[in-house]
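Trainee: Got a structure for you, questions after.
The values are calculated or read from the model by the stated rules, or taken from the named source; none is laboratory data. The structure presented is a predicted model; accordingly, all values stated were derived computationally and were not measured. Quick reminder, even Gly has a Cβ in these numbers, built from the backbone with ideal geometry, and neighbours come from all protein chains shown.
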Amino acid sequence: MGKKIVIASDSFKGSASSKEVGTYISEGIHSLYPDYETKIFSIADGGEGTVDAILEVNQGKRVTIPVQGPLGDSVNAAYAIIDGGKTAILEMAAASGITLVEPTALDVMKASTYGTGQMIKSALEHGVERIYIGIGGSATNDGGMGMAAALGVKFFDVQGKELAANAENLGSIASLDATAIASYADTAELIILSDVINPLCGSNGATAIYGPQKGVSDELLEVLDEGLANFARVIKETLHKDIKDIPGAGAAGGLGAGLMAFLNGKCQRGIDKILQMIHIEEDIKTADLVITGEGRMDGQSINGKAPIGIAVIAQKYHVPTVAIVGSRSLDLDEVYRQGIAGVFDVVNRPMNLEEAMTDTRNLVASTSRNLISLFGTLTK
């Protein structure tokens with residue numbers, strides 16, 4: 001009798017999307033057990049791929065608009081409108097993401113979330129009642145200054161000169177005028193989808209933890225952190241909102257703080273909401289096995305990442321969950337404790353990263369074939 005396998009892997013960044021990984025896993029399964037039923041879900045945790053994952057299983061439309069990219073060039077950013085026009089799903093990475101910038105061109109001091117603000121404005125102009133915005137994968141560290149500027153907020157220095165909305169000017173802000181954004185703040189509920197709980201500033205803040213990933217040099221770390229602290233101070237004085245130490249304020253280079261301050265944004269763990277919105281639980285409860293995965297599984301995988309969120313649901317129905325990954329760390333004890341029964345990495349011979357990324361399809365399918373052979377034998 002055929003088994004039902006739910007496949008829900010995160011993307012292998014740089015080599016295969018969530019949907020592609022799921023397809024490769026399914027190919028491996030059907031090469032040995034063509035009668036097994038496989039149900040593939042696209043998965044994202046608020047970063048790239050969130051809009052695609054939601055639209056795959058929800059009726060709605062994709063809206064694509066030209067916006068300002070992280071460094072001022074024009075990019076086409078897409079978001080989704082579902083629930084009969086009541087709900088918009090945005091991912092800031094579509095407008096202000098690090099993948100939109102060549103690594104050699106990345107300049108965090110000049111980078112801005114202005115394009116993200118343009119997406120939010122477009123969604124609001126469609127008359128939605130709520131906005132879910134995933135804020136993973138940013139190229140920015142401007143605290144949401146650019147996002148706010150796109151919605152009409154003006155920032156001034158001590159001489160009253162209006163400032164360009166980027167991280168370079170955070171420390172120069174002496175005052176702001178948020179009159180234009182007041183109507184937007186009450187128009188729709190805004191929910192921030194993120195697994196980041198860092199505060200805005202300090203040793204565990206946006207700059208200290210995530211700045212180095214964006215090419216921030218040691219000498220600029222302090223400058224940017226002080227700039228965000230100044231930004232928070234002016235917001236507190238003007239809007240009477242103390243967002244500096246709120247968990248999640250440091251997400252996406254401080255965009256979390258800006259969304260909280262200017263649009264009354266509330267944080268929610270991204271993967272939990274997305275799994276709910278793609279209705280995966282209905283299929284997991286009747287499955288014989290769940291296969292998840294991600295590019296690399298390590299100790300950080302327990303912090304709001306897709307595989308753990310999926311395993312938690314599967315545990316409710318006593319369905320075993322295993323993971324196929326690009327690579328893995330040696331210490332996965334906490335991952336096992338969270339419900340992942342086994343972790344299978346795809347590298348089957350000595351190879352460099354480029355080789356592995358080029359051969360992702362064959363490697364994933366082969367690993368899936370080995371895994372399902374074991375499962376099939378044990379469950380006969």
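Trainee: May I ask you to list pairs of residues, at least six apart or on different chains, whose Cβ atoms are under 6 Å apart, with the first in the range 97-120 being more than 16 Å from Ala148 (Cα to Cα) and the second being outside any helix (DSSP H, G or I) and among the β-branched types (Val, Ile, Thr)?
Mentor: Short answer, once both residue conditions are applied: Leu100/Val75; Val108/Val216.
Trainee: Exactly one of these conditions fails for Gly258: (1) buried (at least 17 other Cβ atoms within 10 Å of the Cβ); (2) in a helix (DSSP H, G or I); (3) of a type outside the set (Phe, Trp, Tyr); (4) not assigned by TED's automatic domain parsing to the domain that holds Arg130. Give me its number.
Mentor: (4)
Trainee: Let me ask something additional. Restricted to the range 1-17, and to residues that are more than 30 Å from Lys380 (Cα to Cα) and polar (S, T, N, Q), which residue is farthest from the chain's Cα centre (by Cα)?
Mentor: Ser15
Trainee: Just one of (1) more than 30 Å from Thr179 (Cα to Cα); (2) surrounded by 19 or more Cβ atoms within 10 Å (Cβ to Cβ); (3) modelled with pLDDT under 95; (4) among the hydrophobic types (A, V, I, L, M, F, W, C) trips up Leu330, so point out which.
Mentor: (2)
Trainee: Assuming Val57 fulfils every condition listed in (1) among the aliphatic types (A, V, I, L, M); (2) in contact with a Lys or Arg (Cβ under 7 Å, 6 or more places away or on another chain); (3) surrounded by fewer than 17 Cβ atoms within 10 Å (Cβ to Cβ) apart from one, which condition is it?
Mentor: Tallying (1) among the aliphatic types (A, V, I, L, M); (2) in contact with a Lys or Arg (Cβ under 7 Å, 6 or more places away or on another chain); (3) surrounded by fewer than 17 Cβ atoms within 10 Å (Cβ to Cβ), Val57 fails exactly one: (2).
Trainee: Now a separate question. If you take the residues in the range 312-361 that are charged (D, E, K, R) and in a strand (DSSP E or B), which one is farthest from Ala8 (Cα to Cα)?
Mentor: Per the criteria, the residue is Arg328.
Trainee: Tell me the residue from Gly293, Gly270 that is surrounded by 15 or more Cβ atoms within 10 Å (Cβ to Cβ) and under 30 Å from Gln118 (Cα atoms), please.
Mentor: Gly270
Trainee: Hey, could you check the range 99-112 for residues that are within 21 Å of Ser217 (Cβ to Cβ) and in contact with a Gly (Cβ under 6 Å, 6 or more places away or on another chain) and say which is surrounded by the fewest Cβ atoms within 10 Å (Cβ to Cβ)? Steps first, answer last, please.
Mentor: From the range 99-112, those within 21 Å of Ser217 (Cβ to Cβ) are 101-112; that's our starting set.
Then keep just the ones that are in contact with a Gly (Cβ under 6 Å, 6 or more places away or on another chain); that gives 106, 112.
Details: Leu106: 17, Ser112: 29.
Only one residue fits best here, namely Leu106.
Trainee: Can I ask one more? Please work out which one of (1) buried (at least 18 other Cβ atoms within 10 Å of the Cβ); (2) assigned by TED's automatic domain parsing to the domain that holds Lys214; (3) in a strand (DSSP E or B) is the condition Ala8 fails and give its number.
Mentor: (2) is the only condition that Ala8 fails.
Trainee: Still on this model: From Ile131, Ile192, grab the single residue that is in contact with a Cys (Cβ under 7 Å, 6 or more places away or on another chain), surrounded by 23 or more Cβ atoms within 10 Å (Cβ to Cβ) and at pLDDT 90 or above.
Mentor: Ile192
Trainee: Can Gly136 be described as more than 23 Å from Ser11 (Cβ to Cβ), in contact with a Gly (Cβ under 8 Å, 6 or more places away or on another chain) and either surrounded by 22 or more Cβ atoms within 10 Å (Cβ to Cβ) or charged (D, E, K, R) (or both)?
Mentor: Taking the combined requirement at face value, the residue does not satisfy it.
Trainee: Further, regarding this structure: Which number in (1) assigned to a loop (DSSP other than H, G, I, E, B); (2) surrounded by 20 or more Cβ atoms within 10 Å (Cβ to Cβ); (3) not aromatic (Phe, Trp, Tyr) marks the one condition that Leu275 misses?
Mentor: Here Leu275 meets the rest and fails (1).
Trainee: Report yes if Thr116 is part of a helix (DSSP H, G or I), among the β-branched types (Val, Ile, Thr) and buried (at least 19 other Cβ atoms within 10 Å of the Cβ), otherwise no.
Mentor: yes
Trainee: Could you count how many residues in the range 333-380 are closer than 15 Å to Ile29 by Cβ, among the hydroxyl-bearing types (Ser, Thr, Tyr) and at pLDDT 90 or above?
Mentor: Counting residues in the range 333-380 that are closer than 15 Å to Ile29 by Cβ, among the hydroxyl-bearing types (Ser, Thr, Tyr) and at pLDDT 90 or above gives 4.
Trainee: Going by the conditions given, is Asp177 under 15 Å from Ile235 (Cα atoms), charged (D, E, K, R) and out of contact with any strand residue (DSSP E or B) (no Cβ under 9 Å at 6 or more places or on another chain)?
Mentor: No, not satisfied.
Trainee: If only one of Ala180, Ala185 is buried (at least 16 other Cβ atoms within 10 Å of the Cβ), hydrophobic (A, V, I, L, M, F, W, C) and modelled with pLDDT under 95, which one is it?
Mentor: Ala185
Trainee: Of the residues that make up the range 286-295, is at least one among the small types (Gly, Ala, Ser), touching a Pro at 6+ places or on another chain (Cβ under 8 Å) and in a helix (DSSP H, G or I)?
Mentor: no
Trainee: Here is a further query. Pick out the one residue from Val153, Val128 that is in contact with a helix residue (DSSP H, G or I) (Cβ under 9 Å, 6 or more places away or on another chain), in contact (Cβ under 8 Å) with a residue 60 or more places away in the chain and more than 24 Å from Pro199 (Cβ to Cβ). Explain how you work it out, then say what you get.
Mentor: Working: Val153 fails: more than 24 Å from Pro199 (Cβ to Cβ).
It is Val128.
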